[in-house]
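Everything below concerns the one structure shown next.
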Amino acid sequence: MLPNNNCFDFIKTKEGLELTAYQDSAGIWTIGYGTIIYEDRTPVKKGDTITQQRADQLIENEISSKSAKVNAALGDIPVNQNQFNALVSFTYNVGTGALLSSTLLKRVKANPANPKIRDAFMMWNKAHLNGKLIAVKGLTRRRAEEADLYFS
């Protein structure tokens, strides 16, 4: 499957746009629509700036990469477009490694209609802050919205 415009718009809305590097809620330098690493694997750093056009390029590249990883992870498991988009958004936010080791992926692969998939999304609402894993309001909201998209 490929991400559609709804996927891009969903992720852009959740990430927000910043053309100057900032530290996210976990203290990671971020720019554009949640970019933390450029295509050449260089991390975003304090003082970086980009244009709107560059931000759009970065998110398109990253969503394309994450979509390929989601497709590979799903194999021949059939999902609909909204389910796919929700999984791409999740992967965009937490990373491919997190998806691959997640209860979320295990539940989707076992039964894409399992209502407990919603709970598996919600397991990923925390960030490391001052050495502690703490629930973050924004992540809790995002996971709920991804679950809503998945089941819509």
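Taken together, the values in this text are just the output of simple stated rules run on the coordinates, not laboratory data. If you're wondering where the values come from, they're calculated on a predicted model, not measured in any experiment. So basically every Cβ, Gly included, is an ideal-geometry build from the backbone, and we count neighbours across all protein chains shown.
Segment Asn4..Arg141, full-extension length gain: 47.1 nm, with 0.36 nm per residue of separation and the alpha-carbon distance subtracted.
Could you tell me the calculated FRET efficiency between Leu129 and Ile37, based on Cβ-Cβ distance and R0 = 22 angstrom, to the nearest 0.05? Walk me through the numbers on the way to the answer.
Working: r = 21 Å, r/R0 = 0.96.
After rounding, the FRET efficiency stands at 0.55.
The trypsin sites (Lys or Arg not before Pro) of region 1-45 meeting both criteria, a DSSP state outside H, G, I, E and B (loop) and at most 16 other C-beta atoms within 10 angstrom of the site's C-beta, are Arg41, Lys45. For the listed residue pairs Lys46/Lys132; Lys45/Lys109; Lys46/Lys116; Lys45/Lys116, the alpha carbons are over 31 angstrom apart in Lys45/Lys109; Lys46/Lys116; Lys45/Lys116. Taking 20 Å as the straight-line reach from the Cα of Lys137, the lysines in range (excluding those fewer than 8 positions away in the same chain) are Lys12, Lys14, Lys126. Its Cα centre serving as origin, region 5-150 has a Cβ charge dipole (Lys and Arg +1, Asp and Glu -1) of approximately 640 debye.
For Thr49 and Asp119, what does the FRET efficiency come to when R0 = 30 Å and r is the distance between their Cβ atoms, rounded to the nearest 0.05?
On the way: r = 40 Å, r/R0 = 1.33.
Calculated transfer efficiency: 0.15.
The long axis of helix 5-15 is offset from the longest Cα principal axis of the chain by roughly 60 degrees. Helical content alone sets the calculated 222 nm signal of the chain at -16500 deg cm²/dmol, taking -39,500 (n - 2.57) per DSSP H segment of four or more residues and averaging over every residue.
Looking at region 1-75, which GluC sites (Glu not before Pro) are DSSP coil and have at most 16 other C-beta atoms within 10 Å of their C-beta?
Details: sites: Glu15, Glu18, Glu39, Glu60, Glu62; in loops: Glu39.
Answer by residue number: Glu39.
Taking +1 at the Cβ of each Lys and Arg and -1 at the Cβ of each Asp and Glu, which of Tyr150, Ala86, Gly131 sits farthest along the dipole of region 5-150 towards its positive end, judged by Cα position relative to the Cα centre? After comparing all options, I get Gly131. What the Kirkwood sum gives for the chain is a hydrodynamic radius of 15.8 Å, with every pair of different alpha carbons counted.
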